[in-house]
Amino acid sequence: MIPHDTGHLWSSVRERASADGIRWLKETSEAVNLNPGAIAAAFPAVGREVGRMTLDPLADPDDPHAWRLDDAGRALLLVAIGDRAGEEIGELYRHGDANERRGVLRALPLLPVGDSAVPLVKDAIRTNDTNLIVAALGPYAIERLDDAALAQAVLKCVFVGVRISPLDGLEDRTTPEMARMLADYAHERIAAERDVPAEVWPVIERFPPEEEIEAIFSELDHPIAARRHAAERALRDSHLLRSRDANI
Amino acid sequence: MRIFDPHVHMTSRTTDDYEAMAASGVRAIVEPAFWLGQPRTSVDSFVDYFNGLLGWERFRASQFGISHHCAIGLNPKEANDDRLREEVLAILPRYLAKDGVVAVGEIGFDSMTAGEEAALEAQLALALEHDLPVLVHTPHRDKLAGTRRTLEIVADSGVPPELVVVDHNNELTVAEVVESGCWAGFTIYPFTKMDEHRFVRVAEEFGTERILVNSAADWGISDPLKVSKTANAMLDAGFSDDEIDRVVWRNPVEFFGHSGRLMLDEPDADRAATFEGNSVLRGERPAG
């Protein structure tokens, strides 16, 4: 679940936070609205004051895609400072721990910051912390990263074990180059006798790269049995095998 | 056995260490900020280091099911750089406000200089302001005199002694630290400071109240499994499971619980109630 506007965020917080937590967030939002600098001290305290449960009661707390109460609380504080958000997020990010950075990144689509926060997104994608990578790849980044940067980010997700199917808007940004990179990745996994995450196939199948797919099919006839088996396992999750057989 | 290592510098260790620690029973740790063996020359290096303790290292630990907390402070060695001292002290309040920061530390004396004393006093004042416990390092050289001077400064600071752990004790310092009302920390090292068998004799004499045992494992010769080995040495010497659990789990939970910012994955229900305010990442109570 990705909250798309401030009203949605507030209603999610009201459903999940304690009365004390809601009161703190309302009062602190008013305080930072009057004095934006006060957010420096309030931002680290959000998890303690509002909580850290997932907004969706059924979400896995370890899933980096799941929005939590502290993400929502931090986003609402940033929304509350209005036009000054652009001036505050740089320092909040620079001195932020992983959760505070996550809060800044998740808030970006709701803030009047234009393209100015793209460097923060790129910084987060360079890390190896899956929480930060996912938080960075929200609608803000999907809209603004260029094709090459987005393809690298998606490949990195697959590489570090982050699911790409929940990334909002990815389908419209898929490119032949992204499909080619994921196909090469799939081939590399098969050659290493490993499993391929099933969710790479919808991206590959959108712009099927001929040469790379031939290379993957050739693994089905590889002299090493383990590689043949890895190819069979991987292709079972794709439509490629079926459509090829249909064409023969 | 559940283990809380209250002083270990994981930034210097590998994932093999994390794996072995988790297998030995380690579920929670505190990583105090310290020096890196090579003096830093800019406050920005401290910003990156603190961010690493709060970010990457916590993430790394979580991969092995270990709750990582840290203590933030300016160490005595680098407190001797006058410009750096002032600049680092100025950024500390921002970091002392953060989740998972459960103490000010490690601070204290190395060579008993005026710069070290100024940093120690300033950081005790910050601890008082932020209502945080303090982790105090005692010097390797001239340890007894350094410990006595440390205890005087702590007493003058106004920080309650039950919020202070004086670390790296040996047979000659422990009595005065216990007498002061501060907690006594013991660093169990392969060759220096204290070993597990000497610690057993200390515990037989002084008991297990207000005692912390740590590995202080870092980039030097040290062993991140020393808390587990000490627990085994206690078992061999006839200490009960309950006494051992007190030393290697309940004592550090009690001490750092004063911060209200422990983040323990698998809370002992009674402890969670006793130390209200400490957050529990997984088992958070639902609203309403």
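Values for this structure:
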| item | result |
| --- | --- |
| Cβ neighbours within 10 Å from other chains - mean over A:43-49 | 4 |
| Per residue Cα convex hull volume in Å³ - calculated over region B:144-236 | 98 |
| Estimated dipole of chain B in Debye, rounded to 20 [Cβ of Lys and Arg +1, of Asp and Glu -1, Cα centre] | 400 |
| Rounded FRET efficiency, nearest 0.05, which uses the C-beta distance separating A:Glu232 from B:Arg2 and R0 of 41 Å | 0.40 |
| Gained length - B:Ala125 relative to B:Glu204, 0.36 nm times residue gap less alpha-carbon distance | 24.9 nm |
| Kirkwood Rh and Cα Rg combined as Rg over Rh, evaluated for chain B | 0.94 |
| Translational diffusion of region A:1-87, µm² s⁻¹ [Kirkwood Rh, Cα pairs; Stokes-Einstein; 25 °C; 0.890 mPa s] | 189 |
| Rg/Rh (Cα only; Kirkwood hydrodynamic radius) as it applies to region B:191-242 | 0.97 |
| Calculated [θ] (222 nm, deg cm²/dmol) that DSSP helices of n ≥ 4 give over chain A, each run adding -39,500 (n - 2.57) | -19500 deg cm²/dmol |
| Calculated FRET value between B:Glu86 and A:Leu58, using beta carbons and R₀ = 51 Å, to 0.05 | 0.50 |
| Dipole moment magnitude, nearest 20 debye, region A:90-221 about Cα centre, only Lys, Arg, Asp, Glu C-beta charged | 780 |
| Spin-label model distance (nm) - A:Asp83 vs A:His8, 7 Å beyond Cα toward Cβ | 2.7 |
| Evaluated over region A:118-248, the Cα radius of gyration and Dmax, each in Å | 15.5, 49 |
| Share of pairwise Cα separations in region B:1-62, more than 15 Å, in percent | 53 |
| Bridge type composition, the protein assembly as shown - antiparallel percent by DSSP, nearest 5 | 5 |
| Options A:Ile164, A:Gly86, A:Leu182, ranked by Cα towards positive dipole end of chain A, top entry (Cβ charges) | A:Gly86 |
| Estimated dipole of region B:15-116 in Debye, rounded to 20 [Cβ of Lys and Arg +1, of Asp and Glu -1, Cα centre] | 300 |
| B:Asn232-A:Phe159 pseudo-label distance in nm [points 7 Å out on the Cα-to-Cβ vector] | 4.0 |
| Cα Rg over Rh - region B:86-155, Kirkwood | 0.98 |
| Difference of contour (0.36 nm per residue) and Cα-Cα distance, A:Arg206 to A:Arg144 | 20.2 nm |
| Peptide-level mean, for B:56-68, of C-beta atoms on other protein chains within 10 Å | 2 |
| Shielding by partners, peptide A:93-101 (average Cβ within 10 angstrom, other chains) | 6 |
| Against the rule of thumb 2.2 N^0.38 Å, how large the Cα Rg of chain A comes out | 1.19 |
| Over chain B: helical MRE at 222 nm, DSSP H runs n ≥ 4 each giving -39500 (n - 2.57), nearest 500 | -13000 deg cm²/dmol |
| Three-way shape call for region A:38-153 based on the alpha-carbon gyration tensor, with the a/c threshold at 1.5 | oblate |
| Inter-part distance where region B:1-25 and region B:132-160 are each reduced to a Cα centre, Å | 27 |
| Label point distance in nm, B:Thr14-B:Gln63, each placed 7 Å from Cα along Cα→Cβ | 1.3 |
| Contour excess over end-to-end distance, with Cα ends at B:Asp142 and B:Gln38 and 0.36 nm allotted per residue | 35.2 nm |
| Region A:78-98 and region B:53-117: distance between their alpha carbon centers, rounded to Å | 24 |
| Where only C-alpha atoms are counted, convex hull volume of the protein assembly as shown per residue in Å³ | 171 |
| Packing-based exposure ordering (other Cβ within 10 Å, fewest first) of B:Thr173, B:Thr150 | B:Thr173, B:Thr150 |
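Each value in this text was obtained by applying a stated rule to the coordinates, not by laboratory testing. It should be emphasised that the depicted structure is a prediction, and the values quoted were computed from it without experimental measurement. Quick reminder, even Gly has a Cβ in these numbers, built from the backbone with ideal geometry, and neighbours come from all protein chains shown.
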